[in-house]
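The values are calculated or read from the model by the stated rules, or taken from the named source; none is laboratory data. It should be emphasised that the depicted structure is a prediction, and the values quoted were computed from it without experimental measurement. Here the Cβ is made from the backbone with ideal geometry for all residues, glycine too, and neighbour counts use every protein chain on show. With ligands, DNA and RNA removed, areas are computed over all heavy atoms of the protein, side chains included. Shrake-Rupley method; radii C 1.70, N 1.55, O 1.52, S 1.80 Å.
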Amino acid sequence: ETGVTQSPTHLIKTRGQQVTLRCSSQSGHNTVSWYQQALGQGPQFIFQYYREEENGRGNFPPRFSGLQFPNYSSELNVNALELDDSALYLCASSTGLVTYEQYFGPGTRLTVT
Amino acid sequence: SQKIEQNSEALNIQEGKTATLTCNYTNYSPAYLQWYRQDPGRGPVFLLLIRENEKEKRKERLKVTFDTTLKQSLFHITASQPADSATYLCALVGDGSSNTGKLIFGQGTTLQVKP
């Protein structure tokens, strides 16, 4: 059984650019959630995908968008990057709509300069 | 909206002692509450889930309590070891319904266990 993987591990972008982060869910999991974690803070929910449909969204602007593919892997896209977007982006997978324990990937560290 | 408060100050304890971490929430009582461990530069790891009708849950050296009257959960690590040093996060479902992925996390409490 493979765990949750994310790519890339680190990324440096310039303000105004666009970025795509990728996540492969744990085997057997059909739900993927994305979180943003600033330094010294807890993860903040961005959105969740269940069977390729968005199921719940946090307090993030529309320039944060996502996709889930038929194999349940997922992408997080951020347009018009701002300095405050610098953070650790975490992907978590789980089964079903009800949010019991989530299995997190190692994260992608995004730095916006 | 729901808010979670964890002690932002690091907790330093001696090896062998019991560590107690606190999680307070402000609004509705969730159907369940979760605790995660996070090591530097890594994703959180699920530890325990406790439901609103459970007062206490144990797993090896870990114990979690859930008091819906006080709107508080306590997380205990008994016989602590240096390997327990990490940040511990409390999380609950964000909008009063269990039928959603919106977990709200506290900011975490960093535990340092000294040998």
- Debye, to nearest 20: dipole size of the protein assembly as shown, +1 on Lys, Arg Cβ, -1 on Asp, Glu Cβ: 260 debye
- Rg and Dmax of region A:38-97, Cα atoms, in Å? 12.1, 35
- chain A - Rg and Dmax from Cα coordinates, angstrom: 13.1, 39
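How many percent of all Cα-Cα pairs in chain B sit more than 16 Å apart? Intermediate results must be reported in sequence, preceding the final value.
Values: 3742 of 6555 pairs.
Result: 57 percent of Cα pairs exceed 16 Å.
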- In whole Hz, what ³J(HN,Hα) sequence does region B:33-43 give by Karplus (6.51, -1.76, 1.60; θ = phi - 60°), x for Gly and Pro? 9, 10, 10, 10, 10, 10, 8, x, x, 10, x
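Only four residue types carry charge here, +1 at the Cβ of Lys and Arg and -1 at the Cβ of Asp and Glu. Report the dipole size of region B:17-75 about the Cα centre in Debye, rounded to the nearest 20. All intermediate terms of the calculation are to be shown ahead of the outcome.
Working: 11 positive and 6 negative charges, 45 e Å.
Dipole about the Cα centre, nearest 20: 220 debye.
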- Note on the structure: Any residue on another chain or 5+ positions along whose placed amide H is under 5 Å from the amide H of residue A:17 is listed here as A:81
- Query: What percent does the relative contact order of chain A come to when contacts are Cα pairs within less than 8 Å and at least six residues apart?
  - Reply: 37 percent
- Item | In Å, descending, principal axis extents of the Cα set of region A:25-71 | 33, 23, 13
- Net dipole in debye of chain B [+1 Lys, Arg Cβ; -1 Asp, Glu Cβ; about Cα centre; nearest 20]: 160 debye
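Diagonalise the Cα gyration tensor of the protein assembly as shown and give the resulting equivalent ellipsoid semi-axes, square root of 5 times each eigenvalue, largest first, whole Å. If you can, show how the numbers build up before the last one.
Numbers: eigenvalues 171, 81, 53 Å².
Equivalent ellipsoid semi-axes, largest first: 29, 20, 16 Å.
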- At the nearest 100 Å², what buried accessible area, both sides summed, do you get for A and B when the probe is 1.4 Å? 1600 Å²
- Task: Check cross-link reach from residue B:3 to the aspartates and glutamates: straight Cα distance under 20 Å, and skip same-chain residues fewer than eight apart.
- Result: A:101, B:52, B:67, B:95
- chain B, relative contact order in percent, only Cα pairs under 8 angstrom and at least six apart counted: 37 percent
- Task: First compute the accessible area of chain B with a 1.4 Å probe, then give the percent of it belonging to carbon and sulfur atoms.
- Result: 44 percent
- Options A:6, A:49, A:16, ranked by Cα towards positive dipole end of chain A, top entry (Cβ charges): A:16
